[in-house]
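Nothing in this text is a laboratory measurement; each read-out follows from the coordinates by a stated rule. Predicted, not measured: the structure shown is a model, and the values here were computed from it. A quick note on method: Cβ atoms are made from the backbone with ideal geometry, for glycine too, and the neighbour counts reach across all protein chains shown.
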Amino acid sequence: MRAEIVSVGTELLLGQIIDTNAAYLAQRLAEIGIDVYFKQTVGDNSTRVEEAVRLALSRADVVLMTGGLGPTEDDLTVASVAAALGVDLTHDEAVATHIRRFFENRGRTPPQTVFKQALLPRGARVIPNPRGTAPGIHLEYRGRVIFIMPGVPYEMKGMMEGYVLAALRDRAGLAVIRSRIMRVTGEGESAVEVRIKDLLQQTVPTIAPYAKLGEVHLRLTAKGPPDDVAAALTRGEAQVRERLGELLYGVDEQTLEEVVAGLLTSQKRTVAVAESCTGGLLSQRLTTVPGSSEFFVEGVVAYSNESKSRDVGVPPDLIVSHGAVSAEVAEAMAAGIRERAGADVGLGVTGIAGPAGGTPEKPVGLVFIALADSGGPLHRRLMFGSEAGREGIRFLAAQAALNLLRLHLLRA
């Protein structure tokens with residue numbers, strides 16, 4: 001069964017409101033095995049809404065619409081749908097009674113304009129709306145089904161959960177659509193794709209890569225009976241793990257900092273951080289995890305050369321001879337913060353986030369990260385490029401430092 005989502009509202013086209021309704025509807029439809037092939041967004045214009053409805057009906061079995069059900073002149077959805085289907089509007093006294101009671105229960109008198117919401121396309125079924133005055137509408141048309149719901153998310157979700165999903169389950173049968181996200185860091189999208197290129201051709205489950213800042217997400221998706229889908233996703237995850245190994249750090253909503261926190265906690269190890277170009281971002285990400293006091297000892301933002309020496313213990317002559325952005329200084333920062341804090345592991349980050357400050361020898365985007373433990377320090381030289389921008393470079397540096405710590409803990 002194919003579905004299409006039509007969101008109505010000029011404010012959506014202007015970018016004044018983000019269309020969270022469409023994302024919610026797509027997720028709920030996937031849960032019951034209904035494929036969403038298209039989404040449309042159309043402004044408050046009767047002609048264009050009619051065109052959108054006709055287009056949706058030409059290629060979908062189910063059309064879900066949100067927005068434009070209010071009492072004002074620009075709320076045109078119901079009349080436009082009726083025009084697209086060639087039916088007239090009729091007054092529904094039950095809806096009018098609901099509107100009167102809704103206002104009376106709040107000690108208010110309904111304005112006459114609100115009763116516009118009691119005009120429904122002939123043959124429509126009412127979807128109850130205990131959360132507002134505008135009723136939802138259920139229409140059958142030449143083998144297609146149309147559900148029209150308010151744009152207010154609270155009201156729309158009430159209708160989906162209380163009426164629409166049950167009606168659609170009866171049509172869709174027992175199939176479901178499920179996805180699993182495999183999270184990868186340490187390699188770019190192209191390098192990851194090379195490792196799994198043949199898997200991208202399979203259909204059960206499908207596997208699709210998506211580039212994110214500092215990582216790659218692989219979306220595994222399967223459709224069918226719930227047990228078959230679960231088995232397909234488990235099989236697909238095993239295939240991905242076999243190909244990617246340590247590049248794969250998490251599944252679904254897991255963040256890199258959560259994974260690192262879990263490793264530190266399970267190994268009963270602690271970490272301290274000295275960071276320059278990341279400006280505290282690395283410490284912030286680690287301490288976002290609940291219970292971080294168990295493993296995070298201390299974080300120092302040693303931005304100036306003086307701070308690197310005074311607060312972290314980097315020898316001044318090391319900065320003079322190698323520069324603040326160097327492998328030697330990064331390692332000294334990691335070792336110094338480890339000793340100062342009495343932590344099991346120290347991390348050091350120094351680099352040039354830009355947009356100024358770069359040279360031909362040390363351009364914007366150059367970052368050194370280092371890790372020190374009882375076995376001594378090690379470092380990585382990374383070049384992110386100026387096109388990532390200041391905030392992008394800072395994020396990528398923190399991501400690389402977290403991943404260095406993750407891999408170190410896995411191999412410990």
When a/c reaches 1.5 or more, the comparison of a/b and b/c decides; with that in mind, is region 56-105 rounded, prolate or oblate per its Cα gyration tensor? prolate
Once you list every other residue whose beta carbon is under 15 Å from the beta carbon of R108, what net charge do they have if Lys and Arg are +1 and Asp and Glu are -1? +2
For the chain, calculated [θ]222 nm from helices alone, where every DSSP H run of n ≥ 4 adds -39500 (n - 2.57): -12000 deg cm²/dmol
Looking only at GluC sites (Glu not before Pro) in DSSP loops with at most 13 other Cβ atoms within 10 Å, what is the longest site-free stretch of the chain? 74-252
Send over the Kirkwood Rh of region 176-251, from the inverse of the averaged 1/r over different Cα pairs, rounded to one decimal Å. 12.3 Å
Quick one: work out Rg over Rh on the C-alpha atoms of region 18-78, Rh as Kirkwood radius. 0.98
Assigning unit charges at the beta carbon (Lys, Arg +1; Asp, Glu -1) and nothing else, what dipole magnitude in debye, to the nearest 20, does region 2-172 show about its Cα centre? 320 debye
Kindly identify the chain as rounded, prolate or oblate by the Cα gyration tensor criterion: order the square roots of the eigenvalues as a ≥ b ≥ c, call it rounded if a/c is under 1.5, otherwise compare a/b with b/c, prolate if a/b is larger, else oblate. prolate
Reciprocal mean inverse distance between Cα atoms of region 104-167 - Kirkwood radius, Å: 12.9 Å
Taking Lys and Arg as +1 and Asp and Glu as -1, residues besides R171 with C-beta under 12 Å from its C-beta add up to 0
Where does region 279-396 land on Rg(C-alpha)/(2.2 N^0.38 Å)? 1.04
Spherically averaged projected area in nm², based on the convex hull that wraps the Cα atoms of region 2-172: 9.3 nm²
What do you get for Rg/Rh over region 125-254 if you use C-alpha atoms and the Kirkwood form of Rh? 1.14
Listed pairs K39/K197; K223/K268; K39/K223; K308/K362 exceeding 31 Å between Cα atoms: K223/K268
What's the longest piece of the chain with no exposed trypsin sites (Lys or Arg not before Pro), counting a site as exposed if DSSP puts it in a loop and it has at most 10 other beta carbons within 10 Å? 269-410
Neighbour-count order for D311, D75, fewest beta carbons within 10 angstrom listed first: D311, D75
Rounded to the nearest 10 degrees, what's the angle between the helix 389-410 long axis and the longest principal axis of the chain, both from Cα atoms, 0 to 90? 70 degrees
About its Cα centre, region 176-251 carries a charge dipole, from +1 on Lys and Arg Cβ atoms and -1 on Asp and Glu Cβ atoms, whose size in debye to the nearest 20 is 160 debye
Report the Cα centroid-to-centroid distance between region 38-79 and region 290-332 in angstrom, as an integer. 58 Å
Could you please state, rounded to a whole Å, how far the C-alpha centre of region 176-246 is from the C-alpha centre of region 359-389? 30 Å
Listed residue (N45, G132, M182) projecting farthest to the positive dipole end of the chain, Cβ model: G132
